[in-house]
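Participant: Have a look at the structure that comes next, please.
All of the numbers you see were taken from the coordinates with simple rules; none came from a lab. Owing to the predicted nature of the structure, the values given are computational and were not obtained by experimental measurement. Methodologically, a virtual Cβ is constructed for each residue, glycine included, from the backbone with ideal geometry; neighbour enumeration extends over all protein chains shown.
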Amino acid sequence: MAAFVIRRGTRRDVPIILGMIRGLAEYERLAHEVEMTTERVRRHGFGRRPYFETVICRRGRRAIGFALYFFTYSTFLGRPTLYLEDLFVLPEERGAGAGRALLQHLARIAVRRGCGRMEWTVLDWNEPSIRFYEKLGAQLRRDWVLTRLTGEPLARLARER
C-alpha cells in the first residue's frame with residue numbers, strides 16, 4: 001500500500017477541495033446546505049485575504065482526503081487555536097490511516113504556530129468518528145452548545161439600529 005503524501009492545498013486544487021466539501025456534505029446528510037462554489041473556494045482560500053487553509057492527502061497520484069482549517073484565538077489560553085472546519089477521507093479509503101495522518105499533520109501545524117489547542121465539531125450521530133477522535137485522546141465537550149446565526153436572522157440583526 002502506497003504511503004500518504006500530505007501537502008498544502010493550492011489554487012490548482014480548487015476542484016478537489018470543492019469535491020471533498022461536497023463529499024463530506026453527502027456523508028453528513030447535509031448536501032442540501034452546500035452553497036460553496038469554485039469561485040468562493042478560489043477567493044476565500046487563495047485570494048488577497050484568505051479565510052481558510054487546506055491540506056490535501058494523496059495516495060499515489062490520487063487525492064483521497066483533505067482538511068480545511070483556520071485560526072481563532074483563545075483569550076483564556078492567550079494563544080491561537082487551530083479550528084478544523086472539515087476533515088474528509090473518501091469512503092473507500094477509510095480505515096487505512098489517512099484521517100489520522102491528516103490530524104497528525106494539523107497537530108504539527110498547530111504546535112509550530114504556537115496554538116494552545118485544536119478544536120472541531122462532530123455530529124452527535126457520527127459514532128465511528130466519535131470513537132476515532134476519542135482514541136486519539138480528544139475530549140468531547142458536551143457542556144458547550146454551538147450557537148449559529150445565519151440567513152435572514154443574521155441579516156435582520158445587521159440591519160438593526
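Participant: Which one of the conditions (1) within 16 Å of the chain's Cα centre (by Cα); (2) not in a loop (DSSP other than H, G, I, E, B) does MET36 fail to meet, given that it meets all the rest?
Facilitator: For MET36, the exception is condition (2).
Participant: Something else about it: What is the one condition in (1) loosely packed, with under 10 Cβ neighbours inside 10 Å; (2) of a type outside the set (Lys, Arg); (3) not in a helix (DSSP H, G or I) that LEU157 does not satisfy?
Facilitator: It is condition (3) that LEU157 fails.
Participant: Only residues that are part of a loop (DSSP other than H, G, I, E, B) and surrounded by 10 or more Cβ atoms within 10 Å (Cβ to Cβ): list them for the stretch 142-154, please. Spell out how you get there, then give the answer.
Facilitator: As a first pass, look at the stretch 142-154 and keep what is part of a loop (DSSP other than H, G, I, E, B): 142-150.
Matches in the stretch 142-154: LEU149 only.
Participant: Restricting the search to the stretch 2-48, which residues are β-branched (Val, Ile, Thr) and either free of Cβ contacts under 8 Å to residues at least 12 places away in the same chain or under 13 Å from ILE64 (Cα atoms) (or both)?
Facilitator: Pass one, the stretch 2-48, residues β-branched (Val, Ile, Thr): 5-6, 10, 14, 16-17, 21, 34, 37-38, 41.
Selection gives VAL5, ILE6, ILE16, ILE17, ILE21.
Participant: Also: Checking the conditions here, which among THR72, THR81 is in contact with a Phe, Trp or Tyr (Cβ under 6 Å, 6 or more places away or on another chain), over 21 Å from ILE16 (Cβ atoms) and either in a loop (DSSP other than H, G, I, E, B) or β-branched (Val, Ile, Thr) (or both)?
Facilitator: None of the others qualify; the one that does is THR72.
Participant: In the stretch 101-135, what residues are closer than 19 Å to LEU24 by Cβ and assigned to a helix (DSSP H, G or I)?
Facilitator: First pass over the stretch 101-135, keeping only residues closer than 19 Å to LEU24 by Cβ: 101-103, 105-106, 118-133.
Of everything in the stretch 101-135, those that are closer than 19 Å to LEU24 by Cβ and assigned to a helix (DSSP H, G or I) turn out to be ALA101, LEU102, LEU103, HIS105, LEU106, GLU127, PRO128, SER129, ILE130, ARG131, PHE132, TYR133.
Participant: Any residue in the stretch 2-18 that is loosely packed, with under 14 Cβ neighbours inside 10 Å, under 14 Å from the mean Cα position of the chain (by Cα) and assigned to a strand (DSSP E or B)?
Facilitator: The answer is yes; a qualifying residue exists.
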